[in-house]
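This report concerns only the one structure given below.
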């Protein structure tokens with residue numbers, strides 16, 4: 001079927017008609033004769049229903065699965081790759097609870113790997129490393145991929161929900177035959193068994209013994225299907241409980257796992273020097289593990305992490321290079337900010353490790369990387385080598401310790417966090433001095449003299465906890481040196497004063513309350529991240545001097561300044577009780593910098609993994625849910641204009657980051673404001689075009705450096721689109737409020753309608769009028785048809801109009817202007833459609849964001865306006881890139897404010913005065929012919 005069927009229109013045209021829809025094929029056409037002659041509707045319906053009622057019972061036999069947890073196994077022909085899909089829905093898995101959260105046990109992942117390895121011809125798991133916890137019941141399925149290598153080994157990965165959860169290697173080397181000796185073990189001390197939060201399925205450990213450095217356990221369970229497993233996960237997990245009961249950790253890495261027998265229904269276990277030996281209830285060897293490594297559980301509300309930045313040796317990418325001078329941090333930050341805002345195509349910022357100023361600059365750059373992916377690189381210059389620093393740190397869990405307070409503790413900052421710490425310490429009988437603008441001891445912590453006097457007055461000072469700070473959030477483009485200083489002084493400058501004023505005191509602890517913004521690169525917090533990056537390096541600096549120091553890069557709290565910001569996706573706010581508990585646990589470690597944070601879902605995939613994107617059918621629902629979460633709406637309609645929802649530059653970046661976390665895509669910083677509606681935003685997240693489609697061919701030509709051929713492809717393809725001489729009049733969409741003439745904006749042929757979103761924040765009275773055909777349907781037969789359709793739409797406004805168009809949208813504005821009696825026309829970097837080089841530049845950047853129907857429509861409009869003379873008698877402003885700041889795209893992006901100001905000034909001079917305004921009188925900037933709104 002090539003055209004719309006329009007059943008409803010035909011029914012309306014034929015009086016008294018009835019319709020029986022059988023589908024577009026001819027298979028059922030013969031039944032029509034049995035229905036149509038029946039004048040009685042009940043008889044006709046009876047013929048359609050048939051004479052037998054179906055009771056809907058299934059009699060098909062379900063094929064027994066080869067393994068209880070495996071849904072399917074595929075061996076990829078020619079590559080030897082094995083892919084297994086696992087079902088993680090069995091109810092007994094929910095009994096594996098760690099710190100209040102049900103997660104897939106490491107032993108279940110091992111079982112899946114053993115099965116996949118057997119299909120690949122491998123019997124030994126050389127190494128299995130767990131990366132992220134797989135939460136239940138959220139995780140329904142997992143995918144195990146085993147790949148071949150030339151040396152015969154087989155690397156594997158385990159993915160769930162688009163996240164790499166585990167990885168390792170398989171081989172086939174033989175394993176030892178362990179002998180556990182007499183049972184129960186002689187001369188061993190029997191210990192009490194604790195099952196913690198485990199459900200019944202994982203409480204199989206019945207007895208436990210200790211003999212010197214050895215641990216022994218006996219595991220019994222009721223699993224009728226244990227014989228179908230290599231080693232039942234619940235039994236094996238119970239066998240590991242002695243290690244967890246004494247160490248408090250969960251399995252992190254298993255090395256040298258040898259399966260010696262299958263289907264055990266009970267186990268004996270010996271743990272010695274990290275090695276695990278397993279036997280069945282008769283003493284026959286079942287398995288051995290050469291090495292077990294445990295780590296702190298990372299599933300509860302609040303865990304300590306150590307940030308570990310990945311560095312790769314090599315030259316920086318091509319482009320501008322900024323070498324940050326050491327020493328003066330405020331000066332270095334001002335210099336870096338200026339270069340980050342300079343509009344370089346790519347900028348590498350080169351810092352020196354161990355320098356306090358460089359640490360602040362590095363944190364600033366990380367925020368810039370978050371807001372503008374791909375434009376900035378952070379590199380270190382150390383001993384003649386240049387090393388690129390990854391944009392994100394790996395967070396390594398760290399087990400906490402204990403700490404005892406004594407003497408007097410100075411808490412700087414009288415805000416919510418400072419008060420929470422002070423109350424906790426006083427509950428323990430510790431003397432506390434709280435200093436700050438709103439503290440019990442009124443003090444400006446940036447006043448060095450006043451701070452020195454306070455420190456000298458505390459004779460038994462044993463600890464300092466610096467919690468002071470202020471927020472002044474804003475995107476990088478809006479940041480200024482003054483805004484940097486506003487946040488810098490109470491946070492970083494005060495910390496430096498405290499460091500210098502207490503360096504000679506015998507302190508037990510020197511704690512700096514930093515923020516994860518400096519580690520994670522939170523968008524919209526460049527100044528805050530810089531100050532906190534300085535604090536983290538100050539703690540390391542003190543450690544190098546032999547002084548106590550701990551910087552805590554906190555995630556969100558439920559109180560204080562951080563509670564006022566919306567939590568990042570995947571993070572849970574810490575309560576005051578959780579926060580002070582993590583503070584003391586961190587003080588019991590030997591780490592200078594820790595990140596206390598609580599995740600509510602696994603972290604983002606690691607570099608090198610291949611996460612799956614959200615299914616296209618779920619994208620619109622996903623976008624609407626994330627929009628509602630960012631703006632605190634109960635729900636969001638998919639066709640509500642983005643600007644009407646209340647997005648600003650900061651919340652748009654926040655939504656972009658949430659969508660990146662959910663889809664594993666890299667999205668431009670302007671993706672939200674470039675989209676007209678949530679539905680249009682969801683379209684931006686669609687997977688790449690399938691091979692052979694128009695979009696695929698177009699993108700491929702652009703990648704090959706053939707943009708002119710790409711545009712010609714679209715022009716040729718556009719002839720296949722339906723066209724019409726009469727098109728329906730679309731309703732203009734309001735972009736910004738304002739009195740006076742309506743400024744009607746026409747989209748360029750290569751950009752989605754959201755291109756005028758930034759301009760609407762600077763100019764009042766903007767309306768958008770999309771071109772027909774970009775969302776499917778007919779395109780105009782010729783320019784005259786387009787002019788008639790747009791003129792009818794503009795007539796609905798019933799007010800004077802100014803027409804505006806960027807790029808090729810300006811050609812439409814010129815064509816429509818005289819037909820609608822426009823007061824003026826504004827052309828933003830408009831060129832005629834005959835400049836091949838200019839068309840090539842458009843193809844490379846703008847049109848790559850269009851979907852398949854829009855690409856074909858772009859070809860049609862390019863064809864219609866090819867070599868069309870651009871003439872109009874209406875007053876016209878030509879704003880060309882270069883004459884105003886910016887290039888063809890940035891005039892309405894980074895430099896939109898200056899572009900809007902130029903338009904406003906010209907319209908104020910050009911438009912006729914409102915009735916009652918005296919001729920020749922200078923217009924009031926807030927009223928008159930072109931009010932600011």
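Structure notes:
- The one condition in (1) under 27 Å from residue 526 (Cβ atoms); (2) modelled with pLDDT of 80 or more; (3) assigned to a loop (DSSP other than H, G, I, E, B) that residue 638 fails to fulfil: (1)
- Residue list for the range 396-438, restricted to those being buried (at least 21 other Cβ atoms within 10 Å of the Cβ) and modelled with pLDDT under 75: 400
- Residues located in the range 122-135, provided they are crowded, with 20+ Cβ neighbours inside 10 Å and more than 23 Å from residue 287 (Cβ to Cβ): 132, 133
- Selected residue [in contact with a helix residue (DSSP H, G or I) (Cβ under 8 Å, 6 or more places away or on another chain) and either assigned to a loop (DSSP other than H, G, I, E, B) or assigned by TED's automatic domain parsing to the domain that holds residue 904 (or both)] from 771, 712: 771
- Of the residues making up the range 749-769, those that are over 17 Å from residue 715 (Cα atoms) and modelled with pLDDT under 90 are 752, 753, 754, 755, 756, 757, 758, 759, 760, 761, 762.
- Some residue of the range 599-618 being surrounded by 20 or more Cβ atoms within 10 Å (Cβ to Cβ) and at pLDDT 75 or above: no
- Checked against the criterion of being buried (at least 16 other Cβ atoms within 10 Å of the Cβ), in the same structural domain as residue 88 (by TED's automatic domain parsing), assigned to a loop (DSSP other than H, G, I, E, B) and touching a helix residue (DSSP H, G or I) at 6+ places or on another chain (Cβ under 6 Å), the candidates 201, 234, 230 yield just one match: 230.
- Residue within the range 501-518 that is crowded, with 23+ Cβ neighbours inside 10 Å and part of a helix (DSSP H, G or I) present: yes
- Residue 593 at pLDDT 80 or above, more than 21 Å from the chain's Cα centre (by Cα) and outside the structural domain of residue 369 (by TED's automatic domain parsing): yes
- Scanning the range 131-142 for residues that are within 20 Å of residue 72 (Cβ to Cβ) and either without any contact (Cβ under 8 Å) to a residue 60 or more places away in the chain or more than 22 Å from the chain's Cα centre (by Cα) (or both) gives 139, 140, 142.
- Taking the numbered list (1) surrounded by 23 or more Cβ atoms within 10 Å (Cβ to Cβ); (2) more than 22 Å from residue 241 (Cα to Cα); (3) more than 27 Å from the chain's Cα centre (by Cα) in turn, residue 113 passes all entries but (2).
- Any chance residue 576 is more than 17 Å from residue 517 (Cβ to Cβ), within 17 Å of the chain's Cα centre (by Cα) and either at pLDDT 75 or above or not assigned by TED's automatic domain parsing to the domain that holds residue 640 (or both): no
The values are calculated or read from the model by the stated rules, or taken from the named source; none is laboratory data. Everything numeric in this text was worked out from a predicted model, so none of it was measured. FYI the Cβ positions are ideal-geometry reconstructions off the backbone, even for glycines, and counts take in every protein chain you see.
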